[in-house]
């Protein structure tokens, strides 16, 4: 054979082989589709089983209908469905449900009546296109698959129909034998469940009851096992059959150790109350329930308290079969109770010692209680019955206080106030002695907000009030003395100054005569200096006194003009060249006390002049004025001799003199400080010896409104 | 910062189904949902789903698509009454949609959406979730349009919607509208979120290729010089009355990848599906050039499993320690119950999900069996068929 022929044959064979391969894919696909079809059928049967189970659980006919409606579509994979259950004689009497019939524009009730006529009772019907052509109302469908089933015993019918619409028919599988056989199984199941639906309901109810009982039993078992309380189950003779873990935990006895034993024989001991023991014995013998607090002993002999509840159990025939004992461990509660009692007694001790009266008035029972302090305060003897306590309390209040005191208490009673704190006077019921009490009253309410009782405390503050009164009186006396002293100082100073001024005048005249010899002149000059110093001192004492005696007088002051006057006065008292500067960033007009600001500035600026350096060419003093937030700030700076570091902290003290020069009295800066204090301000100083001093005054910034208030 | 929540269920009544999913996903916080993505099998009433979703989450944008089955944290389900949701809380997203998208106007419709989306988003969009009808659409043209507006660096992920493999109809829902040939795109703009995507198929090309001898956009008119559909089903060994229902499971067509892409993909071929035919014309999923060679394929179960493992390993590696926040999953419906039985499929999905668990919990997961999948390949947005594609959002 030629090579070319071989090649051609091989090529042909290869092409044929490849064609077979691709065509084998087609065959393989048919197998896959067949496999899928079987798989799908299995899935459909599984869905049917699931539906049956769901129908068994259905609690109403409507739920049954809805499940079947969905089932037709889901299991049979049809497009839509309708299901009707009702009276076979009256189609308007039943329920129906549909799904996926959005494309059906007609009346669904009418569709049911049409289907009633089309489907014969009992059999499953498949209407194909040709069959459907005979029924105008069904023309929108390409396939109809359903059944009509009658339950003769109840005269009711079940209609269940699935559809595929014409418009979407290409999307749905043809109704083939497989679908029909599934539908057959489906319809059999549904019909059976329809017939047995009442029976199903009963079975379901029974199942539910059993399930409920099981749940209850489980719950009880869980409660008994897991409760924190000890549980003992004993037979009718009182012998233990079962105990829970909490019992073992509390008592220390495991179940195997106590089975068959009577609890009283090993739990109770020496200190257990004999009364409690006999009460339990009596209740058990009479098969009556009992609840009692009991002292028990654990396995190691330790005491513990329990609240014991024993319940006899009877069977359905009324025969006594068991005892159930519940033990609540009360050890902690009893310890707490004891602790509360101990605390209470301590509290009483404290209140007794502190002389606090405690009272309580039960508004429901109209009775009251109070402690001994209160009885003492009000003069209530021990014999007075509890229902009279409140009326004695009320009647002891002095008539002038009684009305408003009772008004306050009634506000608490009526709920307009939570509590009230009052200070009032009472007259002791027995001694007639008056005293002043500080009283706190509050209301106690129940959880619904209803008032239960009034509770109050009273504290006798008579001594304290008297002491306060004494202090007030002494204060007044002191004020009076101070005022008198100020007046005295002023009068004395004033009276002293008059003859002094005369002396000064005489001395001046004698010295001007020029007839005295040198020695006499010298003596008289010394006398003049001393007289001047005495005059300065007296004037400053008067100034101080004036500042202390007089109240503030606010007025509008032209600060610049005031300073100018001070500068002018001082300018002529200084022999050397001296510069005066005034700087201000605020209006010249300020509101202040004119007398005091004048005295203040005169003193400070005067000091600058007095203590200026004579060895420099430009001695100066500068007053600068500004506002800093709400403060008026005055700064007086000079380049004078300055103040030593050790003196600077003392310069505002009375009679302190930072220099030994003869010009100062030691009162000037003290008066300045008093003035600034009176003006609600502060004064401070910074200085360096040989460099100069800065005095800083900060005072509240006053305005026209403050002035108006002052006027008013 | 966006938060994601998911749930899936099989419940007949559509309103009950969406209610249960939202309750499972978000507990009693479902009213705080800002974006709700629904995948539901074709048996559900989409109008009812939307109506109920709007009642439960009145402020949420509600988007949905039909599919052949769903995958969620709860597992896989392929019935006519499946539903899966991904609920999102936060406002770092924008949505655009269109109706009437087909193969011939895919580019134009997507370009319009992309332009509007870019304009409506106040923040920089970092990824696009795209969902369109899976029947008669040119997905390459869709990608081209988005790439032009957002740049090829922005990842497109998502799928094309389907029915139960009939190739008859698919739905897309946007707020109160239900479309049959619609599309929507979500632009996520949460800067803290990253995304990694990958797809795998595990099929092997066999035999001589079919040569496209006449085509028009996404329609193949002739194969090997013969009427396309007839030539195709003949090669598949199907009878002349076969439909797409018959051809889809076995008719994956393979296009050859460049050697570089083949290495990254783990396979020499990328697959394409035919979801519709009109007479002899076959509706391809992307633009198809004349002269293109298309191979028929056979599936290789061993390869499917090993490629799946590779893909998950590769994705975990790409995460580089970042935590998976949510996983979007698109699977070809032909890889569903017509490829594997339920047990194998559950095993596959279990193997797929487990590596993304954090603290023993599966991240929010929404998957669907649809007609096609988007995932990056060769650092480009690419459309795939017959694959399992995972989109892992991470932070």
Query raised in the report: Name the residues in the range A:79-105 that are within 19 Å of residue B:47 (Cβ to Cβ) and in a loop (DSSP other than H, G, I, E, B), would you?
Result: A:79, A:100, A:101, A:102, A:103, A:104, A:105
Report summary line: Residue count, the range A:83-118, condition in contact with a helix residue (DSSP H, G or I) (Cβ under 9 Å, 6 or more places away or on another chain), within 15 Å of residue A:141 (Cβ to Cβ) and within 13 Å of chain B (Cβ to nearest Cβ), comes to 6
Query - Matching helices (runs of 4 or more DSSP H) fully within the range A:593-712 where at least 2 residues are farther than 15 Å from residue A:559 by Cβ and free of Cβ contacts under 8 Å to residues at least 40 places away in the same chain - result: A:645-648, A:668-678, A:704-711
Query raised in the report: Going through the range A:216-243 one residue at a time, which ones are touching a strand residue (DSSP E or B) at 6+ places or on another chain (Cβ under 7 Å), without any contact (Cβ under 8 Å) to a residue 60 or more places away in the chain and under 17 Å from residue A:266 (Cβ atoms)?
Result: A:240, A:242, A:243
Report task. Hey, could you check the range B:105-131 for residues that are modelled with pLDDT under 95 and outside any helix (DSSP H, G or I) and say which is farthest from the other protein chains (Cβ to nearest Cβ)? Result -> B:124
**Report entry** Residue check for residue B:178: within 14 Å of chain A (Cβ to nearest Cβ) and part of a strand (DSSP E or B)
**Finding:** yes
Query raised in the report: What number of residues within the range B:76-89 are more than 14 Å from chain A (Cβ to nearest Cβ) and either modelled with pLDDT under 95 or under 17 Å from residue B:178 (Cβ atoms) (or both)?
Result: 1
Query raised in the report: more than 22 Å from residue A:357 (Cβ to Cβ) and in contact (Cβ under 8 Å) with a residue 40 or more places away in the chain, is that true of residue A:414?
Result: no
Query raised in the report: Counting just the residues of the range B:334-355 that are within 13 Å of chain A (Cβ to nearest Cβ) and touching a strand residue (DSSP E or B) at 6+ places or on another chain (Cβ under 8 Å), which one comes out surrounded by the fewest Cβ atoms within 10 Å (Cβ to Cβ)?
Result: B:346
Report task. Within the range A:150-187, track down each residue that is at pLDDT 85 or above, out of contact with any strand residue (DSSP E or B) (no Cβ under 9 Å at 6 or more places or on another chain) and more than 14 Å from chain B (Cβ to nearest Cβ). Result -> A:176, A:177, A:178, A:181, A:182, A:185
Requested in this report: Six or more apart or on different chains, Cβ under 7 Å: which pairs go from a residue in the range B:33-54 that's under 14 Å from residue B:23 (Cα atoms) to one that's part of a strand (DSSP E or B) and at pLDDT below 95? Could you list them?
Outcome: none
Query - Pick from the range A:267-281, criterion touching a residue at least 24 places away in the same chain (Cβ under 8 Å) and part of a helix (DSSP H, G or I), ranking: surrounded by the most Cβ atoms within 10 Å (Cβ to Cβ) - result: A:267
Report task. Would you mind stating whether residue B:313 is away from chain A (no Cβ under 14 Å) and surrounded by fewer than 21 Cβ atoms within 10 Å (Cβ to Cβ)? Result -> yes
Query raised in the report: Can you name the residue in the range B:185-212 that is out of contact with any helix residue (DSSP H, G or I) (no Cβ under 9 Å at 6 or more places or on another chain) and assigned to a strand (DSSP E or B) and is also nearest to residue B:35 (Cα to Cα) among such residues?
Result: B:188
Query raised in the report: Among the residues of the range B:138-159, is any within 14 Å of chain A (Cβ to nearest Cβ), surrounded by fewer than 18 Cβ atoms within 10 Å (Cβ to Cβ) and touching a residue at least 24 places away in the same chain (Cβ under 8 Å)?
Result: no
Report summary line: Among residues of the range A:20-47 being in contact with a strand residue (DSSP E or B) (Cβ under 9 Å, 6 or more places away or on another chain) and facing another protein chain (nearest Cβ under 7 Å), the residue nearest to residue A:190 (Cα to Cα) is A:25
Query raised in the report: Within the range A:296-372, which strands (runs of 3 or more DSSP E) (wholly inside it) include 1 or more residues that are under 33 Å from the mean Cα position of the chain (by Cα)?
Result: A:356-362
Query raised in the report: How about the range B:221-268: which of its residues are farther than 30 Å from residue B:311 by Cβ and assigned to a loop (DSSP other than H, G, I, E, B)?
Result: B:224, B:225, B:237, B:238, B:239, B:240, B:241, B:242, B:243
Query - residue B:128 being crowded, with 20+ Cβ neighbours inside 10 Å and either at negative phi or touching a residue at least 12 places away in the same chain (Cβ under 8 Å) (or both) - result: yes
Requested in this report: Please find, among B:175, B:241, the residue that is more than 24 Å from residue B:65 (Cβ to Cβ) and surrounded by fewer than 21 Cβ atoms within 10 Å (Cβ to Cβ).
Outcome: B:241
Report task. Can you tell me which residue within the range B:21-69, out of those that are assigned to a helix (DSSP H, G or I) and within 14 Å of another protein chain (Cβ to nearest Cβ), is farthest from residue B:94 (Cα to Cα)? Result -> B:48
Query raised in the report: Can you name the residue in the range B:269-285 that is in a loop (DSSP other than H, G, I, E, B) and touching a strand residue (DSSP E or B) at 6+ places or on another chain (Cβ under 6 Å) and is also nearest to residue B:160 (Cα to Cα) among such residues?
Result: B:285
Query raised in the report: Of the numbered conditions (1) within 14 Å of chain A (Cβ to nearest Cβ); (2) not in a loop (DSSP other than H, G, I, E, B), residue B:12 satisfies every one except a single condition; which is it?
Result: (2)
Report task. For residues that are within 18 Å of residue A:147 (Cβ to Cβ) and outside any helix (DSSP H, G or I), scanning just the range A:48-78, find the one that is nearest to the other protein chains (Cβ to nearest Cβ). Result -> A:77
Query raised in the report: Looking at residue B:164, is it within 12 Å of chain A (Cβ to nearest Cβ), free of Cβ contacts under 8 Å to residues at least 12 places away in the same chain and either in a loop (DSSP other than H, G, I, E, B) or more than 28 Å from residue B:107 (Cα to Cα) (or both)?
Result: no
Report task. Could you tell me which numbered condition residue A:623 fails, if it satisfies all but one of (1) more than 60 Å from the chain's Cα centre (by Cα); (2) crowded, with 17+ Cβ neighbours inside 10 Å; (3) closer than 25 Å to residue A:703 by Cα? Result -> (1)
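The values are calculated or read from the model by the stated rules, or taken from the named source; none is laboratory data. What you see is a predicted model, and the numbers here were worked out from it, not measured in a lab. Here the Cβ is made from the backbone with ideal geometry for all residues, glycine too, and neighbour counts use every protein chain on show.
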